[in-house]
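The values are calculated or read from the model by the stated rules, or taken from the named source; none is laboratory data. Treat the numbers as computed from the prediction; the structure is a model and nothing was measured. A quick note on method: Cβ atoms are made from the backbone with ideal geometry, for glycine too, and the neighbour counts reach across all protein chains shown. Just so you know, the surface numbers come from the protein's heavy atoms only, side chains and all, with ligands and any DNA or RNA stripped out. Shrake-Rupley method; radii C 1.70, N 1.55, O 1.52, S 1.80 Å.
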Amino acid sequence: MNLYLLMTAIFVLMAALMAADASLASFTLVPWFNGLRWLRVHLITLGVMTETIFGLLPAIVAIHAGRPRPKFRWDIWLTLNIGLLTLLIGIPIINQALIFVGGTLIFIATTLLIIQLRGMYTLKQAGAVKENGRIRHGRKFYIAGLSYFLLGIIVGTGLWLGWSNWLRIKTPVEVHIHANNWGFLTLVFAGLLVDMYPTWAKRPLAWPRSITPIFWMLTIGALGLVIGPWVKSNYFSVPGIILFLTATFWLLLNVIKPLWGDRVAWLQPGIWHLVTAYFWILAPVLVAPLIILGVPGFPGAGIEQNAPQALVYGWALQFGYAFIPFFFYRLFLPHKPARLGGSWFSLVTVNLGGFFLWASIFLADYQALLHGTAYLLWTLSIIPIALTLWRIARDGLTGLDDGTVLLESAAAID
Ligand code: HEM
């Protein structure tokens, strides 16, 4: 049984509660609810996403290397979760000691995971395995992404410990957001698409030889988008944006082209979640030039203040709506056919939520109403996903009691 996925299911429920809290706070219906902003974002990024990623990557990499399923690493699970719980206590009360301990433990867990993944290809490195004519590349995306996460942890932990001064970071929150989203999650999601798309779409990506150039463009693009706000120079941000945009569109075309014209494939809400999610990471990048050029009347500050929320709910969480249930099926109910998660209801509500959040940036007179509606829609979009995950976990754990699942889930990732 994968303890990380159990934590994921708990964090999905908490994320739904936090989104509802944010909606009620915006509607000022319950004034004592103050919409803890940090929790609103990090229950999804540090909770749902990080738990799932830590729970899945070792098994995915091992299977692609033809290696046995790796043993459960209690040291990584404990350092990650004790670190997370310490941060969940320390950040809302801004307790520097707890923030430092929590951040350090998560840093250690991430370092241990990188070492574990790096150690998994020794046997097969020389003769990279060709499967159905394709070489699987996910591992390098995961390691590069987790390395950006290490940087995101240092900057995030240091945000309220005064580290940004001696690290000479000009705009630390932006560096933190960029390292974690354009670095960590972008590269890990791209790695998952590279490794799992053939299983999800039952066909290969359009241009297998584009995977390595996409990897380097995303990795170097993210570096430009981290150094740019670090030294406050567009000489890094602009090339970073161009590399990131080109690689992301190339990756998306790799996903969409093989499905083009296949009506049956597009009847799966999960495929729409995977593709439309990218609109919400491209939106802030596409408007960035207008902010950089300082176009008059354009709410640059409003976008910088609020766009991260649409990024986390519209892109990161929505991408999770598709792939997290798939792995829940694989690990909790391996004898049942696994499919991408999501529904037409979650697809419409999560994307509408994004539009309302962005509208709240441009229509200041209706800001609270639109912001509250955005979070209400996001709350509604999480509910069917949370119910699906708990149903799968419950059925799987019931299976565990009578011993049927134990044997089957071991080799069921791919
Ligand atoms: C140890 C890990 C982390 C720590 C200590 C941390 C800490 C912080 C802190 C202190 C803030 C500033 C909050 C504020 O000024 O209001 C922040 C903001 C933010 N963080 Fe993190 N963070 C961590 C991990 C992550 C991860 C993994 C992601 C995304 C993948 C992320 C995404 C964000 C975003 C988007 C914001 C801006 C929130 C907003 O504007 O509402 N963080 N983080």
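Of the helices (runs of 4 or more DSSP H) lying entirely inside region 1-93, those containing at least 1 residues that are open to solvent by 70 Å² or more (accessible area, probe 1.4 Å) span 3-26, 37-42, 74-90. Of the residues in region 170-183, how many are more than 6 Å from the ligand (Cβ to nearest atom) and open to solvent by 40 Å² or more (accessible area, probe 1.4 Å)? The total comes to 2. Out of the residues in region 192-251 meeting the condition of being among the β-branched types (V, I, T) and modelled with pLDDT under 95, tell me which one is surrounded by the most Cβ atoms within 10 Å (Cβ to Cβ). My answer is I241.
Every condition in (1) open to solvent by 30 Å² or more (accessible area, probe 1.4 Å); (2) within 9 Å of the ligand (Cβ to nearest atom) holds for L167 except the one numbered (2). The single condition among (1) more than 10 Å from the ligand (Cβ to nearest atom); (2) modelled with pLDDT of 95 or more; (3) within 24 Å of P284 (Cβ to Cβ) that T186 does not satisfy is (1). Residue count for region 339-364 satisfying the condition of being surrounded by fewer than 24 Cβ atoms within 10 Å (Cβ to Cβ), out of contact with any His (no Cβ under 8 Å at 6 or more places or on another chain) and either assigned to a helix (DSSP H, G or I) or acidic (D, E) (or both): 12.
A quick yes/no check of all residues on (1) within 14 Å of the ligand (Cβ to nearest atom); (2) within 16 Å of the chain's Cα centre (by Cα); (3) touching a residue at least 60 places away in the same chain (Cβ under 8 Å):
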| residue | (1), (2), (3) |
| --- | --- |
| W272 | no, no, yes |
| Y278 | no, yes, no |
| P284 | yes, no, no |
| A307 | yes, yes, no |
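Against the list (1) open to solvent by 10 Å² or more (accessible area, probe 1.4 Å); (2) within 16 Å of the ligand (Cβ to nearest atom); (3) farther than 20 Å from M49 by Cβ; (4) not charged (D, E, K, R), the condition G156 fails is (3). Scanning region 377-398 for residues that are surrounded by fewer than 21 Cβ atoms within 10 Å (Cβ to Cβ) and within 13 Å of Y313 (Cβ to Cβ) yields one hit, L380. Hey, any hits in region 254-264 for a residue that's charged (D, E, K, R) and in a helix (DSSP H, G or I)? Looking for residues that are charged (D, E, K, R) and in a helix (DSSP H, G or I), one finds at least one in region 254-264, hence yes. The residues of region 336-349 include none that are under 14 Å from P325 (Cβ atoms) and of a type in the set (V, I, T).
Condition first: free of Cβ contacts under 8 Å to residues at least 12 places away in the same chain, open to solvent by 50 Å² or more (accessible area, probe 1.4 Å), away from the ligand (no atom under 15 Å from the Cβ) and not polar (S, T, N, Q). Can you find one or more residues in region 319-338 that meet it? Checked against the condition, which is being free of Cβ contacts under 8 Å to residues at least 12 places away in the same chain, open to solvent by 50 Å² or more (accessible area, probe 1.4 Å), away from the ligand (no atom under 15 Å from the Cβ) and not polar (S, T, N, Q), region 319-338 yields at least one hit.
Suppose the filter is in contact with a helix residue (DSSP H, G or I) (Cβ under 6 Å, 6 or more places away or on another chain), within 14 Å of the ligand (Cβ to nearest atom), of a type in the set (F, W, Y) and modelled with pLDDT of 90 or more; does F100 pass it?
Numbers: in contact with a helix residue (DSSP H, G or I) (Cβ under 6 Å, 6 or more places away or on another chain): no; within 14 Å of the ligand (Cβ to nearest atom): yes; of a type in the set (F, W, Y): yes; modelled with pLDDT of 90 or more: yes.
Judged against the criteria, F100 is not a match.
Here F107 does not qualify as in contact (Cβ under 8 Å) with a residue 24 or more places away in the chain, in a helix (DSSP H, G or I) and open to solvent by 70 Å² or more (accessible area, probe 1.4 Å).
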